[in-house]
1. Apply the Karplus parameterisation 6.51 cos²θ - 1.76 cosθ + 1.60, with θ equal to phi minus 60°, to every residue of region 480-490 and state each ³J(HN,Hα) to the nearest whole Hz, in sequence, with x for glycine and proline.
2. For the chain, just run the numbers: alpha carbon Rg, then divide by 2.2 N^0.38 Å, N being how many residues it has.
3. Can you give me the long-range amide H partners of R74? Hydrogens built in the peptide plane at 1.01 Å from N, cutoff under 5 Å, separation of 5 or more residues or another chain.
4. Taking all pairs of distinct Cα atoms, average 1/r, flip it, and tell me the Kirkwood hydrodynamic radius of region 392-494 in Å to one decimal place.
5. For L34, what is the net charge nearby, where nearby means another residue's Cβ is under 13 Å from its Cβ and Lys, Arg count +1, Asp, Glu -1?
6. Quick one: accessible area per residue over region 69-385, 1.4 Å probe, rounded to a whole number of Å²?
7. Under a 5 Å amide H to amide H cut-off, with H placed in plane at 1.01 Å, what residues pair with L402 once short-range neighbours are removed?
8. Of the heavy-atom accessible surface of the chain (probe 1.4 angstrom), what whole percent is carbon and sulfur?
Amino acid sequence: DFSKAMSQSGPSQFQEVIRQELEYSMKVELDKILATAPSNELEHTKKDLEGFKKLFHRFLQEKGPSVDWGKIQRPPEDSIQPYEKIKARGLPDNIASVLNKLVVVKLNGGLGTSMGCKGPKSLIGVRNENTFLDLTVQQIEHLNKTYNTDVPLVLMNSFNTDEDTKKILQKYSHSRVKIYTFNQSRYPRINKETLLPVAKDVSYSGENTECWYPPGHGDIYGSFYNSGLLDNLIAEGKEYIFVSNIDNLGATVDLYILNHLMNPPNGKRCEFVMEVTNKTRADVKGGTLTQYENKLRLVEIAQVPKAHVDEFKSVSKFKIFNTNNLWIALSAIKRLQEKNAIDMEIIVNPKTLDGGLNVIQLETAVGAAIKSFENSLGINVPRSRFLPVKTTSDLLLVMSNLYSLNAGSLTMSEKREFPTVPLVKLGSSFTKVQDYLRRFESIPDMLELDHLTVSGDVTFGKNVSLKGTVIIIANHGDRIDIPAGAVLENKIVSGNLRILDH
């Protein structure tokens, strides 16, 4: 009874009553959803909804940004090691025995929708017809052949990517890589006004596809544990996982970091290593490592109070950001998962459904758990280990002659005189992969490029060369065709340039 509670207690108890009401209403709705699950999905759905209930409970209890800005300190000197120092230790003779303790895990829950593709993002062609998944398998196969080891690949799929990924995996059945998959949870989206689930039953096809979401990659700990795969890998003698986003083409297995984990110089093993790299102006939104209440802690932009956002983005105060390449001890995940002791901040992600309904989805990020692990470490790695492909602008870079491909790994061409990547901004006519591919007869020579901006209806002929700063702008209604063999160096091209077929 709200009015009675209010008069007796003042606001804090009143909020508590409301919170209990909300939790109760949510429980009622989730029970209704669970009742629609077919018997073969019952156990699985139950686990998902239990996990969601815990997350929702925490969401109702947390107030405001989860970081007290006054407590944020710079990490102590030795808590973020330079990669050069780790590499300088060299490698032991028995690197194979170290590799045999490793499992590579790729986060494969994302769809290619932001690039106009249907299906899993990992199946988009990146280089010479190879997809993200092909390159990953080639890298691990190369490791296993070179060192005569058995490093498996584990894919964390979502309900969006699982079916398509499994179909494609059949083509690797003869490759020298064991491939396992498990699914991250499936949680119901919440109506922003009522704070109740939008879904009415368990189905997630047809009209219901928009009712469910995969709750971010922080879900890896619970899902990996629940799948039984974690225990199986521990039983096989595996000790560490190397986790990264499947669209980060720089995230290859690094033997020096692995050796540092397995043979620590001070004898004390790290349970969690986060690869960080120096910020450039393009990375101001990336999460950063700080010292907080005597622990290393990942702080994301969403957690920063509004008044401090500019300070957070400054390249001078926070010099590094998280690449999401993480090395984590399997035994530690098991221990913390069993104690329910993995603490990750909740990210509230607002969305609008096709019909205009405003919903929120509650997510967590895998790197945020760093504070729950013992003896965590940041390693400041070269920028080359962070090569994410989020847009067709990124795709242009990795398809170009800036990189050479060897055994599934991309390396910066030795012919490039400076180690930084050019800044590329392709306009909205290039957003979708198929439009982008149609507009390039061949990928231009970009070895000497610093900056490229393209806007409007622009196409590129074969063997175009771009150098320095190139800006090409076709105004509305105009079209620019860059002719085959053109060399553009420090040029601004605008107006109308049509090349007709003769």
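The values are calculated or read from the model by the stated rules, or taken from the named source; none is laboratory data. If you're wondering where the values come from, they're calculated on a predicted model, not measured in any experiment. Heads up, the Cβs are rebuilt from the backbone with ideal geometry, glycines too, and the neighbour counts pull from every protein chain shown. Surface accessibility is based on the protein's heavy atoms, side chains included, excluding ligands, DNA and RNA. Shrake-Rupley method; radii C 1.70, N 1.55, O 1.52, S 1.80 Å.
1. Per residue, the Karplus-derived 3J(HN,Hα) values read 10, 10, 7, x, 4, x, 5, 10, 10, 10, 6 Hz.
2. Details: Rg = 24.7 Å, N = 502, 2.2 N^0.38 = 23.4 Å.
For the chain, the normalised Cα radius of gyration is 1.06.
3. When sequence neighbours closer than 5 places are left aside, the close amide H contacts are Q291.
4. Working: mean 1/r = 0.0721 Å⁻¹.
Averaging 1/r across every pair of different Cα atoms and inverting gives 13.9 Å.
5. Values: positive: K27, K32, K46, K47, K53, R186, K200; negative: E29, D31, E41, E43, D48, E50, D201.
Spelling it out: positives minus negatives among the neighbours equals 0.
6. Numbers: 13460 Å² over 317 residues.
Heavy-atom accessible area per residue stands at 42 Å².
7. Residues meeting the amide H criterion: M446.
8. Values: 12040 of 24180 Å².
Ligands and nucleic acids excluded, carbon and sulfur give 50 percent.
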